[in-house]
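The values are calculated or read from the model by the stated rules, or taken from the named source; none is laboratory data. Worth saying up front: this structure is predicted, and the values here are computed from it rather than measured. Glycine gets a Cβ as well: all are built from the backbone with ideal geometry, and neighbour counts include every protein chain shown.
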Amino acid sequence: MSANAIVIGSGVMGASIAYSLARRGYTVTVVDKKSGPAQGSTGATSAIVRFTYSLRDSIALAWESKHLWENLRDHLQAPEAEPVADFIRTGMAVIDIPGLLPPTLRSDFDDLSIPYTEWDAVDLSRELPGIDVSNHYPPVRPDDPAFLDDSEEEASALYTPDGGYISDPVLATENFVRAAQRHGAQFLYNAEVIALDHHLLDPQQNVEGMASEGGAPEDVTEGAPRAGGDSTEGRTAWSVELADGRVLDASVVVNAAGPWSSRLNELAGIGSDHGVSLTPLRQEVHTLPAESTVIRADGSRIPALLDAGIGTYMRAEVGGQLLIGGSEPECDELEWVDDPDEVSMSVRPEQFETQSLRAAKRFNDITIPNRARGVVGVYDVAADWTPIYDRSEADGFYQAVGTSGNQFKNAPMVGELMAGLIDAVEAGHDHDSDPVRISLTYTDEELDLGAFSRLRTPAGTSGNVMG
């Protein structure tokens with residue numbers, strides 16, 4: 001069995017990459033150890049769409065992706081009968097605390113034409129009914145006596161009206177899967193990768209599935225490079241061995257395995273040149289019944305709120321629920337893990353109580369139920385909380401890893417940038433010395449993929465899920 005490109009991982013990143021490659025004429029096979037799409041990190045994501053990143057290229061990537069989410073049906077060429085995930089535009093308010101928002105953020109927003117407004121305590125009270133407008137920075141844990149301290153300093157926030165969230169991240173992933181399948185991609189589930197090997201191709205070898213004989217789809221730029229070219233001389237072939245004994249062959253392999261990405265890199269014998277490390281991190285996201293908090297008098301939902309001053313982010317969830325995640329404050333001990341397969345997927349009552357009490361500190365009409373509710377996920381965290389979208393030191397092996405709990409929002413563009421990167425490198429471009437640049441339609445700029453290089457030293461970011 002052979003394929004031109006093998007994508008390992010069927011979360012939203014793997015599915016998006018598969019779609020972008022397949023519609024460019026690649027013969028794509030996606031393999032995943034789970035029984036279906038979005039059963040790893042994607043299924044536990046809060047799916048928030050925001051633009052407050054530390055790096056300009058990360059901001060531009062999020063802004064471009066927002067437009068694709070808004071037009072997801074068109075981007076995926078999905079038929080009208082197919083349910084498609086919705087972008088829920090609620091706006092996003094970020095409580096401004098020392099060191100959180102970089103000094104260049106507002107000028108970057110201006111340059112990229114991203115609308116924003118400065119909110120004071122009066123604005124916060126108007127837009128988020130029942131909010132406590134005190135600035136509670138720095139965050140502390142509920143068992144710290146300082147947790148109950150009042151603050152006379154009023155909070156302020158940076159508000160972006162185009163923020164929000166994706167209604168159903170699993171459905172969104174399924175949308176990308178179906179779109180990829182319409183372009184011929186196949187998805188193999190219950191297919192665990194146990195070994196990877198690469199070798200040089202024989203120049204006389206006729207490799208099956210190198211480039212599509214049918215030509216490029218109509219929406220792909222004419223003349224775009226294709227993997228393989230006219231000759232196999234000097235090219236690498238990859239063999240991907242599955243636990244059931246099957247072996248898949250390809251000229252291109254893409255690691256989109258989420259928290260399993262480090263293990264996959266080890267199997268492939270790559271990663272020795274990385275300037276940033278990758279480590280899995282267990283995280284929980286909780287929900288509280290809070291209809292009077294999340295639904296305003298006019299029936300609209302409150303803006304999503306990043307509240308690093310108390311150590312959380314929050315947004316409305318269906319059914320009058322408040323969804324609460326953590327922003328990795330220094331007072332919380334993070335749960336780094338060795339093996340994602342050994343992580344407990346049960347919500348821990350003590351973590352639920354901590355986040356619920358923090359939410360109740362910010363909103364005065366929240367009641368905390370006795371039963372803990374939420375989901376557990378594992379982040380694939382890069383040392384600087386910025387992803388690696390890059391090739392590797394081994395020809396034909398690419399990485400979309402280190403997504404650090406903050407990249408779901410960028411999934412539509414990640415497929416496009418990875419396909420553009422693969423096209424360029426497979427055609428002979430030296431990405432390491434001259435990083436590929438991807439044109440951005442909605443900002444009329446170019447995205448410098450060097451910002452997401454595996455070779456970088458850790459970037460100066462927020463040092464948490466904010467990126």
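When residues of segment 49-87 are filtered for being of a type outside the set (D, E, K, R), in contact with a Lys or Arg (Cβ under 9 Å, 6 or more places away or on another chain) and surrounded by fewer than 18 Cβ atoms within 10 Å (Cβ to Cβ), how many remain?
Counting residues in segment 49-87 that are of a type outside the set (D, E, K, R), in contact with a Lys or Arg (Cβ under 9 Å, 6 or more places away or on another chain) and surrounded by fewer than 18 Cβ atoms within 10 Å (Cβ to Cβ) gives 3.
Mind telling me which of the residues 365, 332, 298, 307 ends up being in contact with a Ser or Thr (Cβ under 6 Å, 6 or more places away or on another chain) and over 30 Å from residue 193 (Cα atoms)?
None of the others qualify; the one that does is 365.
Residue 285 - would you say it is at pLDDT 95 or above, within 16 Å of residue 379 (Cα to Cα) and assigned to a loop (DSSP other than H, G, I, E, B)?
On the way: at pLDDT 95 or above: yes; within 16 Å of residue 379 (Cα to Cα): yes; assigned to a loop (DSSP other than H, G, I, E, B): no.
So residue 285 fails the test.
Is it the case that residue 177 is surrounded by 20 or more Cβ atoms within 10 Å (Cβ to Cβ), part of a helix (DSSP H, G or I), out of contact with any Cys (no Cβ under 6 Å at 6 or more places or on another chain) and not acidic (Asp, Glu)?
Values: surrounded by 20 or more Cβ atoms within 10 Å (Cβ to Cβ): yes; part of a helix (DSSP H, G or I): yes; out of contact with any Cys (no Cβ under 6 Å at 6 or more places or on another chain): yes; not acidic (Asp, Glu): yes.
Here the answer is yes, as residue 177 does meet what is asked.
Could you identify the single residue in 345, 418 that is out of contact with any Leu (no Cβ under 7 Å at 6 or more places or on another chain) and closer than 23 Å to residue 322 by Cβ?
345
Test residue 90 against the stated conditions and say whether it is crowded, with 20+ Cβ neighbours inside 10 Å, under 23 Å from residue 294 (Cβ atoms) and out of contact with any Leu (no Cβ under 6 Å at 6 or more places or on another chain).
Considered against the rule, which asks whether it is crowded, with 20+ Cβ neighbours inside 10 Å, under 23 Å from residue 294 (Cβ atoms) and out of contact with any Leu (no Cβ under 6 Å at 6 or more places or on another chain), residue 90 comes out as yes.
Return the residues of segment 36-90 that are of a type in the set (Ser, Thr, Tyr) and assigned to a loop (DSSP other than H, G, I, E, B); say none if nothing qualifies.
Selection gives 45, 46, 52, 53, 54, 90.
Which members of segment 411-467 meet the condition of being more than 29 Å from residue 175 (Cβ to Cβ), surrounded by 18 or more Cβ atoms within 10 Å (Cβ to Cβ) and of a type in the set (S, T, N, Q)?
The answer is 453, 461, 462, 464.
Could you check segment 4-26 and list, in sequence order, the residues that are part of a loop (DSSP other than H, G, I, E, B), in contact with a Ser or Thr (Cβ under 9 Å, 6 or more places away or on another chain) and surrounded by 24 or more Cβ atoms within 10 Å (Cβ to Cβ)?
Within segment 4-26, 4, 9, 10, 11, 24, 26 meet the criteria.
With (1) under 27 Å from the mean Cα position of the chain (by Cα); (2) without any contact (Cβ under 8 Å) to a residue 40 or more places away in the chain as the list, and residue 143 as the residue in question, which single condition is left unmet?
Condition not satisfied by residue 143: (1).
What number of residues within segment 93-118 satisfy the criterion of being exposed (fewer than 12 other Cβ atoms within 10 Å of the Cβ) and assigned to a helix (DSSP H, G or I)?
Here the count works out to 2.
Filter segment 365-381 for residues that are assigned to a loop (DSSP other than H, G, I, E, B) and either loosely packed, with under 13 Cβ neighbours inside 10 Å or at positive phi (or both) and give the result.
365, 367, 369, 370, 371
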